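Novice: What follows is a structure written as structure tokens; I'll ask about it next.
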Amino acid sequence: MAVPKFEEFFRDFLDVLADGAIHSNSDVRESISAARALSAEDLQQLLPSGGQTVFSNRVNWAGIYLNKAGLISRVARGKYVITPEGKKLQESPSITINTNYLLRYPSFAAFQNKTASDTESPSPSSAEAQASKDTSTPQDTIKTAFKKLNTALADELMDEIMAQSPDFFEKLVVRLLLKMGYGGSFDGSGIKTQRTGDGGIDGIIKEDKLGFSQIYIQAKRWNPETTVSRPEIQKFSGALQDQGASRGLFITTAHFSNGAKESAERQHIVLVDGEKLAELMIEYNVGVSVSETYSIKKLDTDFFNEDSL
């Protein structure tokens, strides 16, 4: 039999986790493949890139979607447990669980809207979403899929960052800035300060290759649900003044309040929240690697000009 579509694995995934225990990705895959009696040929079928099997890819995406809907929870790298809402749904076998059904969960709807193409409405109904999908160009479809891949990757990055120490996070920030071109190279231009007695400054990096000026960094690995407010920005501003610095960067895994943003703008402090941090890490290949590359080609009309041959 052919490998089922990833939506068809939603209920399978929940069934595996129904016992309330923590299960790894490998546990889930083995249980699903056995329950569906997939053949060795089915399980060995590769994606066009050859980097992963179709089965593993589709089960992984089923897990991502269920996690976004709050039906399962990722408790560690590649390990999941069912949530009370997921258990409730799992115990309702008459319900067909597909992407449209998951849209009733606000967290999943937000995920879908975030990765929708720019031409789609902010909050389409299921019917509207299907209609939009049917009229999308292939380029629109690719763009939406690309956003969805990066959104899922950003969540994975944040989970990994939160599993590390604050010290690791400070080093990560300096490394990211070096990859962005500040300081010139990995030759010690990015300087991480000591964790004690730093006066609220977590890192210092040269703004230019010659080192005429420096950027002072505050790097805080805080709960992504935390809101950084105005007083934190004012404390950092005071630390900058003690250093005689004219500009600073406050980078965190959390997010900023409007008051914090207003205060930072007045005091020449650049703010990078968790969402922007993950975006920059993906853009500059920090903590990620290229999995697949696709080239989109178009007709070369000049080639078919008789004078060009």
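Novice: Looking at segment 254-261, can you tell me whether even one residue there is part of a helix (DSSP H, G or I), open to solvent by 70 Å² or more (accessible area, probe 1.4 Å) and modelled with pLDDT of 95 or more?
Specialist: For segment 254-261, residues part of a helix (DSSP H, G or I), open to solvent by 70 Å² or more (accessible area, probe 1.4 Å) and modelled with pLDDT of 95 or more: present.
Novice: Further, regarding this structure: Please verify whether segment 236-246 includes one or more residues that are open to solvent by 80 Å² or more (accessible area, probe 1.4 Å), modelled with pLDDT of 90 or more and among the acidic types (D, E).
Specialist: No, segment 236-246 contains no residue that is open to solvent by 80 Å² or more (accessible area, probe 1.4 Å), modelled with pLDDT of 90 or more and among the acidic types (D, E).
Novice: So, in segment 278-309, of the ones that are in contact (Cβ under 8 Å) with a residue 40 or more places away in the chain and of a type in the set (A, V, I, L, M, F, W, C), which residue ends up most open to solvent (accessible area, probe 1.4 Å)?
Specialist: Here the answer is I296.
Novice: Can you name the number of the only condition in (1) in a loop (DSSP other than H, G, I, E, B); (2) of a type outside the set (S, T, N, Q); (3) modelled with pLDDT of 90 or more; (4) open to solvent by 60 Å² or more (accessible area, probe 1.4 Å) that P224 fails?
Specialist: Against the list (1) in a loop (DSSP other than H, G, I, E, B); (2) of a type outside the set (S, T, N, Q); (3) modelled with pLDDT of 90 or more; (4) open to solvent by 60 Å² or more (accessible area, probe 1.4 Å), P224 comes up short only on (4).
Novice: Please enumerate the residues belonging to segment 68-108 that are among the hydrophobic types (A, V, I, L, M, F, W, C) and either buried (at least 16 other Cβ atoms within 10 Å of the Cβ) or under 17 Å from the mean Cα position of the chain (by Cα) (or both).
Specialist: Within segment 68-108, A69, L71, I72, V75, A76, V81, I82, L89, I97, L102, L103, F108 qualify.
Novice: Answer with yes or no whether F55 is aromatic (F, W, Y) and open to solvent by 30 Å² or more (accessible area, probe 1.4 Å).
Specialist: No.
Novice: On to the next question. Is it the case that some residue within segment 265-277 is crowded, with 16+ Cβ neighbours inside 10 Å, in a helix (DSSP H, G or I) and in contact with a helix residue (DSSP H, G or I) (Cβ under 9 Å, 6 or more places away or on another chain)?
Specialist: Checked segment 265-277: at least one residue is crowded, with 16+ Cβ neighbours inside 10 Å, in a helix (DSSP H, G or I) and in contact with a helix residue (DSSP H, G or I) (Cβ under 9 Å, 6 or more places away or on another chain).
Novice: Okay, next question. Among the residues of segment 193-201, is there at least one that is modelled with pLDDT of 80 or more, farther than 22 Å from E283 by Cα and of a type in the set (D, E)?
Specialist: Within segment 193-201, none of the residues are modelled with pLDDT of 80 or more, farther than 22 Å from E283 by Cα and of a type in the set (D, E).
Novice: Given the structure, is G50 under 20 Å from S92 (Cα atoms), of a type outside the set (K, R), out of contact with any Pro (no Cβ under 7 Å at 6 or more places or on another chain) and open to solvent by less than 50 Å² (accessible area, probe 1.4 Å)?
Specialist: Considered against the rule, which asks whether it is under 20 Å from S92 (Cα atoms), of a type outside the set (K, R), out of contact with any Pro (no Cβ under 7 Å at 6 or more places or on another chain) and open to solvent by less than 50 Å² (accessible area, probe 1.4 Å), G50 comes out as no.
Novice: What is the one condition in (1) part of a helix (DSSP H, G or I); (2) touching a Ser or Thr at 6+ places or on another chain (Cβ under 9 Å); (3) of a type outside the set (S, T, N, Q) that I282 does not satisfy?
Specialist: With respect to (1) part of a helix (DSSP H, G or I); (2) touching a Ser or Thr at 6+ places or on another chain (Cβ under 9 Å); (3) of a type outside the set (S, T, N, Q), I282 is out only on (2).
Novice: Let me ask something else. For F111, all conditions in the list (1) closer than 25 Å to S291 by Cα; (2) open to solvent by 20 Å² or more (accessible area, probe 1.4 Å) hold save one; what is the number of the exception?
Specialist: (2)
The values are calculated or read from the model by the stated rules, or taken from the named source; none is laboratory data. This is a predicted model, so every value here is computed, not measured. Glycine also receives a Cβ, built like all others from the backbone with ideal geometry; neighbour counts cover every protein chain displayed. What goes into the accessible areas is simple: the full protein's heavy atoms, side chains included, and nothing from ligands, DNA or RNA. Shrake-Rupley method; radii C 1.70, N 1.55, O 1.52, S 1.80 Å.
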